[in-house]
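Below is one structure, written out as structure tokens; comments come after it.
Nothing in this text is a laboratory measurement; each read-out follows from the coordinates by a stated rule. In this text, all values refer to a predicted model and were calculated from it rather than measured experimentally. Virtual Cβ from ideal backbone geometry, glycine too; neighbours counted across all protein chains shown.
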Amino acid sequence: MSDTLELPAELEADAPGPAAFDRALHAGELDACRDVLGRCELPARELAALNCRLSEAFFYRDRREAAIDCARIAFELHPRPQSIADFCAWLFSNCGRHHEAAAAYEQLIESRPGWADGHRHASGSFAVAGELDRAILHAIRACELEPGSCEFAVHAGSLLAGAGRHQEAFAYLTRAGGIAPGDPGVLRRLAAAALATGQPEAAIALARRAYALAPCDRANALDAAELLLRAQLFDEAARIIAARLAVDGEDGAASRMLSAAHMQRGRLQEAIEAIDRALAATPTIAEYHLHRGDLLYRLGRLDEAAAAFDRALALDPDNLAARRSQLTVYFDSGRVRDALSIGGELIRSAPDNEEYAQAMLQVLNRRFETFDGDYVVLGERPARPSRRGYAPPGWGAALATQGRVVHALIIRETRTRFGDSTLGYGWALLEPILHILTLSLFFAVLMHGRPPIGSQFFIFYYTGLIPYHVFVHTSSSMNYAVTSNGSLLQLPLVSTFDVIIARGLLELVTDLLVAVVLLAGFGALGLGTMPDNLAGVAASIAAIWVFGCGCGFINAVITGFCKSWDKIWNQMTRILYFCSGIFYVPGMMPDWLRNILAWNPVLHAIDWFRSSFFVDYDPHWLDRTFLVAAAVAALLVGLALERAARHRLYEPQ
Amino acid sequence: MIALEGVAKAYRTRSGRRTVLDNANAVFGAGHNFGILGVNGAGKSTLIRLLAGSEQPDRGIVRRGARVSFPLGFGGTFHGALSGRENAAFLARIYGARRRTMIDYVADFSELDEYFDMPVNTYSAGMRARLAFAACLAIDFDVYLIDEVTEIGDQRFRRKCAEAFRQRMARSDIILATHNPQTLRQYCDRGAVLADGALFLYDDIGAALSRYHRILHERN
């Protein structure tokens, strides 16, 4: 009987539809409702509405996942109608699905564009969901729609501050402060914004006002104190926190903050006492132990600091800051191996952190200084014999040292300049010899007859080129003397003067060797003559070398500031080649031209050299005094420049 | 004895001017080993180079009443194209040491063997450091300047260095820049702390260390 009676009902239930749904819902069989909805054919709008009802039922039965599923189905089926969007937004935000809640609110806003509360809700959901930019957009829109709302302005200001847009945050919070000037919470937020926008005075005034409005409110007092701490008013902050602690001595957070204030005032002992009180109230906060360890470390109580960091790490094994501090303590107390293992953990946890890598490198370096991880014990220092007296070096000794240095530099230069070639320094000799031979050959073949002076073209060019080479080689070689010897200048005994003059001396020696070898060669071939006046030849070479040195010192200084100077200088020496009477004698020139050329000291040097070589050559324009004066002047200028620019010529690594 | 008289030294860096010393007056007396303490970037290396004379102060004078070494282990002056032997000979010439004696000592101490006659370019960093260390020990300085002892060679070679140093410390002083308190206590009896352009000398290494720790803490 009962079977037959129930049969129709069951048949009814099997025919899916709103009626069956209602029955199951009333009977509290929610899964059956779900089943009905899954099978029945209804318009989307109706189906969505039913899903909403089911979702609500699930929610109140505490079956959140099922509630969310149903709401999702409803929202996907037909998000348009306000009732559905409204419900979905409500359900999603209550179930912590803030992303979907935000979408539902956006749907609602679409149908009610001027709805300020909707924007505010959407903003809140987006903010919780972590989409700060969209949250800010809605918050600003809400403020625009309802400019008189303090809560909206505070919300927008807080979001903007969180996004680091402090100027805008300050503007909104200022608006909120205007609406509710007596709200300490608003004032505190405004103070924080003022601090972030670089207005510490305003921030301090606001924090004080906030505190004065509700001095007995715990959160207000601590917040205000923190603002004052950040504004570096440590004493005032300490007073406020102390007043708070007088009310409730068991307040761990307040004690922690007091400890920070004491620390900033340099009262490390009191800071430790405060953090000890904080730990007595709440012993399980890792950060408190970390702070205590830092304080102990500052006091040099390394073992206790290490123990404090250990406790912090026991409470919070992932606390990298505690590990980093522990590393420092181990490092400073010489526990290199412990430091090493902590460093390894740090690098494993944060492989991209440069600071950790640096710290680890430091530990590793220290590890290398130790043998088997232990420091070498050198033992007691043996009794020291009485130290020998030391007299500062006299002129003679200083000069001898300089001589040694320049000598060593010259030898080094001969070894390194042609380091790649097997001939080595031989190249330095061969090069100018070949140069003079080819040129002489060229002119000897090109021009017939007798040279202007003497009987051999070879000797004639030789007498022109040797003084010219002394000048050009000396002055040009000094260009890079300083820049290419920068590392040597780190040896205290080596000065810029030494490296410059060493090059000049080497060039002089080389050119003299070339001159002697060539002359001997000419003599062997039967072309040669000995110079008539050896003293005059030597004097002219000395004068042009001094002039070359003067120009060289000037070059070295200019190259120190202008790297391409040597190219300009090389062009100038090439012009000199034609203006110095190497392959002609100035006597061939018209008077006006010779008068101009006579300003060139090299021309005088060559004529001095020639007039000493050939005693019958006695040019009337030759002015030895001019050459000597030019040489001395150049040298003085060069030395003065070198002395003045010495420290700036090279940058030590 | 090395004396600083009104010495000032500053650098232009990318982040602006950095003062290493500002009107520093200090005397590193003979017969004492000094440890120089300073946080990274305080200018310990610069101070060592000023003491060595590798660098000149902007103002003031550094007086040296002794033969002061170049910073120990500093191999920057070696010419890459020259062999270890030629580089050692160069240093012997500069410092007026007997060339034969110096070359023999360096050849023996550096243990470079056949590399001693090959260009320094072909050396590894460790070989270079060994050559530099040997060259510095070969010259008879009154004061050795050491900038942060770092890894040189293998363990056996480091032991040898420590032993050579122990002998040398019987007649020479050292000035050591480091931030390793252990090394400092081991080698030095006096200390100096370099911070924010000021140089403080302490008769007791412990006092210098505690001052250094305070500075470290103020910084954190």
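When only DSSP loop residues count, what trypsin sites (Lys or Arg not before Pro) in the range A:30-102 have their Cβ near at most 14 other Cβ atoms within 10 Å? Mind showing how you got there, number by number?
Working: sites: A:34, A:39, A:45, A:53, A:61, A:63, A:64, A:72, A:97; in loops: A:61, A:63, A:97.
Counting only loop positions with at most 14 other Cβ atoms within 10 Å, the trypsin sites (Lys or Arg not before Pro) in the range A:30-102 are A:61.
Counting DSSP beta bridges with both partners in the protein assembly as shown, what percentage is antiparallel, nearest 5?
Taking every DSSP beta bridge within the protein assembly as shown, about 60 percent pair in antiparallel fashion.
In degrees from 0 to 90, rounded to the nearest 10, what is the angle of the helix A:565-579 Cα long axis to the longest principal axis of chain A?
Roughly 20 degrees between the two axes.
For A:609, A:583, A:626, what ranking results if the residue with the fewest other Cβ atoms within 10 Å of its Cβ goes first? Could the numbers behind the result be given before it?
Details: A:609 26, A:583 20, A:626 14.
Going from least to most buried by this count: A:626, A:583, A:609.
Please list 3J(HN,Hα) in residue order for the range A:429-444, calculated via the Karplus relation 6.51 cos²θ - 1.76 cosθ + 1.60 where θ = phi - 60°; whole Hz, with x for glycine and proline.
Those phi angles translate into 7, 5, 4, x, 5, 4, 4, 5, 5, 5, 4, 4, 4, 4, 6, 4 Hz.
Report, to one decimal in Å, the Kirkwood hydrodynamic radius for chain A based on all distinct Cα pairs. It would help to have the intermediate numbers written out before the result.
Details: mean 1/r = 0.0279 Å⁻¹.
Evaluated on chain A, it is 35.9 Å.
When A:263, A:588 are ordered from fewest to most other Cβ atoms inside 10 Å of their Cβ, what list results? Please list the in-between numbers first.
On the way: A:263 21, A:588 10.
Least crowded to most crowded, the residues run A:588, A:263.
Averaged over B:208-214, how many beta carbons belonging to a partner chain fall within 10 Å of each residue's beta carbon?
Values: counts 0, 2, 1, 0, 0, 6, 3.
If you average over the peptide's residues, the count of other-chain Cβ atoms is 2.
When the Karplus curve 6.51 cos²θ - 1.76 cosθ + 1.60 is applied with θ = phi - 60°, which whole-Hz ³J(HN,Hα) does each residue of the range A:35-49 get, with x for Gly and Pro?
4, 4, 5, x, 9, 7, 9, 9, x, 4, 4, 5, 4, 4, 4
Whose amide H sits under 5 Å from the amide H of residue B:59, counting only residues 5 or more places off or on another chain, with H placed in the peptide plane?
Hits under the 5 Å cutoff: B:8.
If you average the sequence gap of Cα pairs under 8 Å that are 6 or more apart and divide by the length of chain A, what percent do you get for the contact order? Before the final figure, lay out each step's value.
Numbers: 819 pairs, mean separation 37.4, N = 653.
Relative contact order of chain A: 6 percent.
Please name which of B:138, B:175, B:164 has its Cα lying farthest along the dipole of the range B:44-188 towards the positive end, using unit charges on Cβ (Lys, Arg +1; Asp, Glu -1) and the Cα centre as origin.
B:175
Quick one: what does P(r) look like for the range A:405-648 with 5 Å bins over all Cα pairs, in whole %?
Spelled out per bin, shortest first, that is 1, 6, 13, 17, 19, 16, 12, 8, 5, 2, 1, 0.
Okay, helix-only estimate at 222 nm for chain B: each DSSP H run of n ≥ 4 adds -39500 (n - 2.57), divide by all residues, round to 500 deg cm²/dmol; what do you get? Please report the intermediate quantities before stating the final value.
Details: 7 runs with 83 residues, N = 220.
Computed ellipticity for chain B at 222 nm equals -11500 deg cm²/dmol.
What ranking of A:563, B:160 emerges when the number of other C-beta atoms within 10 Å of each C-beta is taken as an exposure proxy, fewest first?
The most exposed by this proxy come first: A:563, B:160.
Peptide A:400-410: average number of partner chain Cβ atoms within 10 Å per residue? Walk me through the numbers on the way to the answer.
Values: counts 1, 3, 0, 1, 5, 4, 2, 2, 8, 3, 1.
Neighbouring Cβ atoms belonging to other protein chains average 3 per residue here.
Return P(r) of the range B:84-174 (all Cα-Cα pairs; 10 Å bins starting at 0; whole %; ordered from short to long distances).
16, 50, 31, 2
Once every DSSP H run of n ≥ 4 in chain A is given -39500 (n - 2.57) and the sum is divided by its residues, what mean residue ellipticity at 222 nm do you get, rounded to the nearest 500 deg cm²/dmol?
Values: 31 runs with 477 residues, N = 653.
Here the helix-only value at 222 nm equals -24000 deg cm²/dmol.
By how many degrees, 0 to 90 and rounded to 10, does the Cα axis of helix A:132-145 deviate from the longest principal axis of chain A?
60 degrees
Between the range B:1-45 and the range A:512-531, what is the separation of their alpha carbon centroids in Å?
Answer, in whole Å: 58.
Using modelled amide H (1.01 Å from N, peptide plane; none on Pro or chain starts), what sits under 5 Å from the amide H of residue B:19, excluding residues fewer than 5 places away?
Long-range HN contacts for residue B:19: B:11.
In the range A:405-648, with Lys and Arg counted as +1 and Asp and Glu as -1 at Cβ, which of these residues, A:622, A:601, A:409, has the Cα nearest the positive end of the dipole, that is, farthest along it?
Checked the options; the winner is A:409.
What does the average come to when, for each residue of peptide B:52-61, you count the partner chain Cβ atoms lying within 10 Å of its Cβ?
Details: counts 3, 6, 6, 5, 6, 1, 1, 0, 0, 0.
Averaged over the peptide's residues, the number is 3.
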